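A short worksheet on the structure shown next.
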Amino acid sequence: MSEVSDAFRNAFCSGGGISAECGCGITHFARENTHYDWNVGEHANLLELEKAEPDKYIESADDSVDYLNVLGRTWVFGCPCDYGPRVEGLLWRHRESVAEFLLDESNAELVKEFRVHNTVDNAKLAIDRLNKQHVISDDAAERLKGGLGEAV
Ligand SMILES: [Zn+2]
């Protein structure tokens with residue numbers, strides 16, 4: 001069981017709560033605490049389920065169950081299925097082609113924006129938007145904006 005990097009964590013929507021079902025089918029539930037209003041017997045019932053089906057129910061060591069939505073699938077942090085770390089590993093192993101794809105898509109988007117708005121100011125706004133969306137880095141945004149002045 002491994003964890004994911006902060007960058008990977010920030011790339012996907014996250015959530016948390018009293019319990020969550022991971023995409024693998026395992027239901028994770030928080031340890032009994034005062035942060036949540038458990039229904040009477042709810043936590044005890046989950047503990048019974050965990051005892052009966054330890055491969056389907058896991059009590060977390062934490063006060064809440066946190067998860068990411070990774071490519072349309074819920075992955076609970078620390079789940080033994082390791083879905084998050086496996087996706088991160090896959091992206092990392094294919095990082096060169098993924099980076100190439102992102103650059104191609106970014107360039108195509110910039111060309112489209114430039115054709116639609118046809119002004120340097122609007123192209124700069126489009127570059128800033130792509131930068132804010134983390135499609136392109138700060139350095140790439142500055143380089144592209146610098147190149148706009150030369151292109152016009
Ligand atoms: Zn899982």
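The values are calculated or read from the model by the stated rules, or taken from the named source; none is laboratory data. The shown structure was predicted, so the numbers you read here are calculated from the model rather than taken from an experiment. Cβ sites come from the backbone with ideal geometry, for glycine too, and all protein chains shown count toward neighbours.
With respect to the conditions (1) free of Cβ contacts under 8 Å to residues at least 40 places away in the same chain; (2) within 14 Å of the ligand (Cβ to nearest atom); (3) closer than 30 Å to Asp138 by Cβ, Val4 falls short on a single one, namely (1). Quick check on Val70: is it at pLDDT 95 or above and within 16 Å of the ligand (Cβ to nearest atom)? For Val70, the condition - at pLDDT 95 or above and within 16 Å of the ligand (Cβ to nearest atom) - is not met. Just one of (1) surrounded by 12 or more Cβ atoms within 10 Å (Cβ to Cβ); (2) without any contact (Cβ under 8 Å) to a residue 24 or more places away in the chain; (3) in the same structural domain as Leu130 (by TED's automatic domain parsing) fails for Arg86. It is (3). The condition (being part of a strand (DSSP E or B) and assigned by TED's automatic domain parsing to the domain that holds Tyr83) is satisfied by just one residue among Asn45, Asn10, Asn69: Asn69. From the set of residues in the range 35-64 that are among the acidic types (Asp, Glu) and surrounded by fewer than 16 Cβ atoms within 10 Å (Cβ to Cβ), which is nearest to Gly17 (Cα to Cα)? Result: Asp63. Against the test of being in contact (Cβ under 8 Å) with a residue 12 or more places away in the chain, away from the ligand (no atom under 16 Å from the Cβ), over 14 Å from Arg73 (Cα atoms) and part of a loop (DSSP other than H, G, I, E, B), the options Asn39, Asn33 yield a single qualifying residue, Asn33. Please count how many residues of the range 76-106 are near the ligand (Cβ under 9 Å from one of its atoms) and of a type in the set (A, V, I, L, M). The total comes to 1. Only one of the numbered conditions (1) touching a helix residue (DSSP H, G or I) at 6+ places or on another chain (Cβ under 7 Å); (2) farther than 29 Å from Asp6 by Cα; (3) within 16 Å of the ligand (Cβ to nearest atom) is not met by Glu113, and that is (3). Scanning the range 117-146 for residues that are loosely packed, with under 11 Cβ neighbours inside 10 Å and part of a helix (DSSP H, G or I), we see that the one that is modelled with the lowest pLDDT is Asp121.
For the range 17-30, the tally of residues that are touching a residue at least 40 places away in the same chain (Cβ under 8 Å) and within 15 Å of the ligand (Cβ to nearest atom) stands at 8.
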